[in-house]
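Asks: Starting off with a structure, shown below.
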Amino acid sequence: MSALIEEQAAWTAGSGSPLRGSLRVPGDKSVSHRAVMLGALAEGVTRVTGFLEGEDTRATARVFERLGVRIETPSASERIVHGVGMHGLRGVAEALDCGNAGTGMRLLAGVLAGQDFDSVLIGDASLSKRPMRRVTEPLAAMGAQIDTEDGGLPPLRIRGGRSLQGIEYTLPVASAQVKSALLLAGLYAYGDTVVHEPHPTRDYTERMLAAFGWPIEFSPGYARLSGGHVLRATGIAVPADFSSAAFFLVAASVVPGSDLRLEAVGMNPRRTGLLAALRLMGADIVEENPRAEGGEPVADLRVRYAPLHGIDVPEALVPDMIDEFPALFIAAATAKGRTTIRGAAELRVKESDRIATMATGLRALGANIVETPDGAIIEGGALHGGEVDSHGDHRIAMSFAIAAQLASGEVRIGDVANVATSFPGFEALAAKAGMRVGPAE
């Protein structure tokens, strides 16, 4: 056993029982971030229910509290945000800590670029290695001044008092975070801010801006707004997070005998690419009771075991499932035949290089996988026990917990502490469903 894994938080996981019953996974992280941000900038009081109690979203809330916004927590998964209006934030001399939240840092860059005061955004060791140039360069084209470390890395030093001008910008790489940063800066800019995308990405920011009363036009791959309006407080019901549900969608699809219902899952069409990919592989997943909550489409998902087969993952699905690829790698490794993934180079600059980290871990469990620059070729087959390192990447840790359910021996998963950033209580919920995963002794 490596000394590195020995020193870090680790899980031991292995085959459990079929996944059964009903679960509600935590609230959507993307919606939770945006609800706090727009609630803070709105006039009036915004009540947020279903808020994700994760480290990332709490970090965003703490940043706004530091900037003078009163945020109450009357109960778990609930926030009451006392908005200060578009120009009511107050600067502080100390750096603002985003923790591990890449979404928080990128979206805050857009908000803070339009303020009268200087700001510094910092993050943890993982976030400090994530590239920010994709955000800072178009913001600079709007008139923002943001200094970074070499290579465009955090900290971000944002100069206040700049006059922002709306721009028309085509994203070179589809990214909801970059799009959202530009739209949030556009709230403070003169004229129109228009964003075009090479592939449509999730439209949480656009939907929520509309819910808060800001005039905005948007359609898949396009958004336009002008500055100078007002956000008005509203209630936000955060749906269950699709990315969190994804681990159970895959687990129940591949563990024989499973029949699991996932309640009130957010079904934003720019988020559910994994669902389409799994269905192409033969998964049995049914949407029940479709409805709307907080401006977002929601449904209960019933997933039953079905033998999966390998596919060429359509590149058109990639932008709509970029966060779910670690779970898809597990589905592919346990399916019959070959799965080919292309067009997913962005995976190399997430919390870890997810292509390399997943390939290394799957090989340690006996899988046949070949890395490519923008994806992988995976031959499905049997898995055995072993030791894998998630490199502090929460989605990779949870994905290997799924793999362990089908492995012939026990799997030790190292460096799992960051799971709390996006999915607090994962171990308990997994155990409730029938999976076997817990702290390593």
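Asks: Would you point out the residue of the stretch 162-184, among those that are modelled with pLDDT of 95 or more and in contact with a Phe, Trp or Tyr (Cβ under 8 Å, 6 or more places away or on another chain), that is surrounded by the most Cβ atoms within 10 Å (Cβ to Cβ)?
Replies: Across the stretch 162-184, the extreme among qualifying residues is SER180.
Asks: Suppose we filter the stretch 208-251 for residues that are within 27 Å of ASP323 (Cα to Cα) and basic (Lys, Arg); how many remain?
Replies: Here the count works out to 1.
Asks: Same structure, new question: Working carefully through the options ASP147, ASP124, find the one that is in a strand (DSSP E or B), among the charged types (D, E, K, R) and either in the same structural domain as ALA210 (by TED's automatic domain parsing) or at pLDDT 95 or above (or both).
Replies: Only one candidate qualifies: ASP147.
So that you can scan it fast, the table gives a plain yes or no per residue for (1) in contact with a Gly (Cβ under 6 Å, 6 or more places away or on another chain); (2) in the same structural domain as PRO424 (by TED's automatic domain parsing); (3) among the hydrophobic types (A, V, I, L, M, F, W, C):
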site	(1), (2), (3)
ALA76	no, no, yes
LEU107	no, no, yes
PHE117	yes, no, yes
ARG130	yes, no, no
LEU139	no, no, yes
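Asks: Let me ask something additional. Can we say ALA237 is under 15 Å from SER175 (Cα atoms) and hydrophobic (A, V, I, L, M, F, W, C)?
Replies: no
Asks: In the stretch 353-367, is there at least one residue being outside any loop (DSSP other than H, G, I, E, B), in the same structural domain as ASN268 (by TED's automatic domain parsing), modelled with pLDDT under 95 and within 19 Å of THR103 (Cβ to Cβ)?
Replies: The answer is yes; a qualifying residue exists.
Asks: Something else: Tell me yes or no: at least one residue of the stretch 99-118 is free of Cβ contacts under 8 Å to residues at least 24 places away in the same chain, surrounded by fewer than 16 Cβ atoms within 10 Å (Cβ to Cβ) and among the acidic types (Asp, Glu).
Replies: Checked against the condition, which is being free of Cβ contacts under 8 Å to residues at least 24 places away in the same chain, surrounded by fewer than 16 Cβ atoms within 10 Å (Cβ to Cβ) and among the acidic types (Asp, Glu), the stretch 99-118 yields no hits at all.
Asks: In addition: In the stretch 68-98, what count of residues is obtained for those that are small (Gly, Ala, Ser), under 25 Å from ALA237 (Cβ atoms), in contact with a strand residue (DSSP E or B) (Cβ under 6 Å, 6 or more places away or on another chain) and surrounded by 15 or more Cβ atoms within 10 Å (Cβ to Cβ)?
Replies: Matching residues across the stretch 68-98 total 1.
Asks: Looking at the stretch 127-143, I want the residues that are farther than 18 Å from SER352 by Cα and have a partner that is of a type in the set (D, E, K, R) with Cβ atoms under 7 Å, at least 6 apart or on another chain. Which pairs are those?
Replies: Short answer, once both residue conditions are applied: VAL135/ARG106; GLY143/ARG162.
Asks: Among the residues in the stretch 328-336, are any surrounded by fewer than 21 Cβ atoms within 10 Å (Cβ to Cβ) and assigned by TED's automatic domain parsing to the domain that holds GLY257?
Replies: Yes: the stretch 328-336 contains one or more residues that are surrounded by fewer than 21 Cβ atoms within 10 Å (Cβ to Cβ) and assigned by TED's automatic domain parsing to the domain that holds GLY257.
Asks: Mind checking which residues of the stretch 394-422 are part of a loop (DSSP other than H, G, I, E, B), at negative phi and surrounded by fewer than 24 Cβ atoms within 10 Å (Cβ to Cβ)?
Replies: Correct list: LEU406, ALA407, SER408, GLY409, GLU410.
Asks: Let me ask you something else. Of the residues GLU324, GLU288, GLU263, which is over 23 Å from ALA431 (Cα atoms), outside any loop (DSSP other than H, G, I, E, B) and of a type in the set (Asp, Glu)?
Replies: GLU288
Asks: Out of VAL230, VAL250, report the one residue that is among the aliphatic types (A, V, I, L, M) and not assigned by TED's automatic domain parsing to the domain that holds ARG20.
Replies: So the residue among VAL230, VAL250 that is among the aliphatic types (A, V, I, L, M) and not assigned by TED's automatic domain parsing to the domain that holds ARG20 is VAL230.
Asks: If only one of VAL25, VAL81, VAL63 is in a strand (DSSP E or B), among the β-branched types (Val, Ile, Thr), touching a residue at least 12 places away in the same chain (Cβ under 8 Å) and in contact with a helix residue (DSSP H, G or I) (Cβ under 7 Å, 6 or more places away or on another chain), which one is it?
Replies: Criteria check complete, one pass: VAL81.
Asks: OK, next. Regarding the stretch 87-94, can at least one residue be identified that is among the β-branched types (Val, Ile, Thr) and within 20 Å of LEU184 (Cα to Cα)?
Replies: no
Asks: Against the condition crowded, with 17+ Cβ neighbours inside 10 Å and either under 30 Å from GLU263 (Cα atoms) or of a type in the set (Phe, Trp, Tyr) (or both), how does GLY123 come out, does it pass?
Replies: For GLY123, the condition - crowded, with 17+ Cβ neighbours inside 10 Å and either under 30 Å from GLU263 (Cα atoms) or of a type in the set (Phe, Trp, Tyr) (or both) - is not met.
The values are calculated or read from the model by the stated rules, or taken from the named source; none is laboratory data. The model shown is predicted, which means the values in this text are computed figures rather than measured ones. All Cβ positions, even for glycine, are placed from backbone atoms using ideal geometry, and neighbour counts span all protein chains on display.
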